[in-house]
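FYI, it's all coordinate maths here, none of it is from the lab. The shown structure was predicted, so the numbers you read here are calculated from the model rather than taken from an experiment. In this analysis, Cβ positions are derived from the backbone assuming ideal geometry, glycine residues included, and neighbour counts consider all displayed protein chains.
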Amino acid sequence: MQNLFTAMLSFSLFALISGILLAIATRFFKVEGDPIVEKIDALLPQTQCGQCGFPGCKPYATAVAEERAEVNHCIPGGERTMLAIADLMGVEPKEIEEGPTAPMVAFIREDECIGCTLCIKSCPVDAIVGAPKQYHTIIAKDCTGCTLCLEPCPVDCIDMLIKPELLEHWAWPLPGSNRAELGHERKEQHHA
Amino acid sequence: MYEFAVILLSTILVNNYVLAKFLGICPFLGVSGKVETAIGMSFAVMFVMTLASTASWLVQQYILIPLDILYLQTIFFILIIAVLVQFIEMMIHKTSPVLYQGLGIFLPLITTNCAVLGVALLNIQHDHGLFTSAFYGLGAAIGFGLVLILFAGLRERLDGAPTPKAFKGSPLTLITAGMMSLAFMGFSGLVKF
């Protein structure tokens, strides 16, 4: 009987001490949230544009971390973001599926705008100004060209235009890139 | 010194825990898909096995024998292993989230890796001393890691090989494991320990 009590007592004590040690270790190795989701989220441009097919950057980061999504869906982030995410996840980089389009910017035909504010609510980067029953307009330098405002507009008065290249930011395009081809096309048109 | 060398040689090659004693087969087959995860798993097991064999020896000598409760040996050892695994899980989660994700369920399953408990129990059965126990655990873990990494390498290469459809996946994995075990039988004449 004596032996039984020592056995129970010693095991309980041993378990208790191990538990306390583990609890102390937990404090030292505390992980806040899922670090890999945070890391991917930090790489994304945070435009919350939804072009990846997920409702925002954080959900896309979660999907990539859980391997539910490929690394190449972030269009605003471009190739650099894709390479960084592929490197972080340890997977092969993938070509970004993007048509040969230039950076776009939305444009509101103001004489047709009825001032419904629906596009303002849908803009992920707050690049539309306006008030109810007033014309809305787009702040071109903040627009990411995500096209999310096109659908809610009840009178279809929003166009997507090719973003004008500002002189102070202009640089030679990389050979073979979309921008280079576009410039080439423009030149041909100009000389035709 | 000579004794330790023999222990290492014996546990790594001759009495390899996976291929000669057939312990720890579950992670051997489960985590051997990619070399990178296999390396991570090897280091995790190395940490757990070495510390578990040392700690279990101490518990055996200073708790179980003095209190005459040897019948609690298994549950004490499992508790030690579980605590160590919990600890390394926290450590990996903090330091390398990618590895943590790669190891997945197999990381907590080191707790039930029979090779770890096997090493602890065999240490007691063979009447090893403290340092011998630690070295035996380290050797067993290195042996496990070596075989796991080699096997992962083989599997990575076989993935690209034109194998018959019926052999794809698990059958080929099991056949490869069997052949590796046969190959390691070649070491059996090397040392007697």
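Some points to look at:
- In sequence order, the stretch B:41-48 has phi-based couplings of 4, 4, 5, 4, 5, 4, 4, 5 Hz under the Karplus curve 6.51 cos²θ - 1.76 cosθ + 1.60, θ = phi - 60°, and Gly or Pro positions carry x.
- Judged by the ratio a/c of the largest to the smallest principal axis of the C-alpha gyration tensor, chain A counts as prolate, that ratio being 1.5 or greater while a/b is larger than b/c.
- Here the spin labels are modelled as points 7 Å beyond Cα on the Cα-Cβ line, and at residue B:74 and residue A:186 they lie 7.8 nm apart.
- Isolated cysteines of chain A, defined as having no other cysteine beta carbon under 4.7 Å away, are A:52, A:57, A:74, A:113, A:116, A:123, A:143, A:153, A:157.
- If R0 is taken as 45 Å, the Cβ-Cβ distance between residue A:155 and residue B:96 corresponds to a FRET efficiency of 0.25.
- Cross-link partners for residue B:168 among the aspartates and glutamates, with Cα-Cα distance under 14 Å and sequence neighbours closer than 8 places in the same chain left out: B:156, B:159.
- Extending 7 Å from Cα along the Cβ direction at residue A:109 and again at residue A:7 yields two label points whose distance is 8.9 nm.
- The Rg/Rh ratio of the protein assembly as shown, with both radii computed over alpha carbons and Rh defined as the Kirkwood radius, is 1.18.
- Three-way shape label, the stretch B:54-193, alpha-carbon gyration tensor, a/c 1.5: oblate
- Using the Cβ-Cβ distance between residue A:92 and residue B:185 with R0 set to 35 Å, the FRET efficiency works out to roughly 0.35.
- Annotation: amide H of residue A:128 within the under-5 Å range of A:139, sequence separation 5 or more or interchain, hydrogens built in the peptide plane.
- Residue-wise HN-Hα coupling along the stretch B:9-20, computed from phi with Karplus coefficients 6.51, -1.76, 1.60 (Hz; x: Gly, Pro): 4, 5, 6, 6, 9, 6, 9, 3, 5, 7, 8, 10
- Computed from backbone phi with θ = phi - 60° and the Karplus coefficients 6.51, -1.76 and 1.60, the 3J(HN,Hα) list for the stretch A:105-113 is 9, 7, 9, 9, 6, 5, 5, 9, 5 Hz; x is used for glycine and proline.
- Sites residue A:46 and residue A:167, calculated FRET efficiency, Cβ-Cβ separation with R0 22 Å, nearest 0.05: 0.20
- Label zone of residue A:177 (point 7 Å out along Cα→Cβ, amide N under 11 Å): in the stretch A:78-98 this covers A:79-80.
- If the chain linking residue B:5 and residue B:130 were pulled fully straight, counting 0.36 nm for each residue of separation and taking away their Cα-Cα distance, it would gain 43.4 nm.
- When each of A:141/A:163; A:30/B:34; A:58/B:94; A:39/A:121; A:94/A:141 is checked by Cα-Cα distance, pairs over 19 Å: A:30/B:34; A:58/B:94; A:39/A:121; A:94/A:141
- Based on DSSP H segments of at least four residues, each scored -39500 (n - 2.57), chain B has a per-residue ellipticity at 222 nm of -22000 deg cm²/dmol.
- Virtual spin-label span in nm between residue A:30 and residue A:135, 7 Å along Cα→Cβ: 5.5 nm
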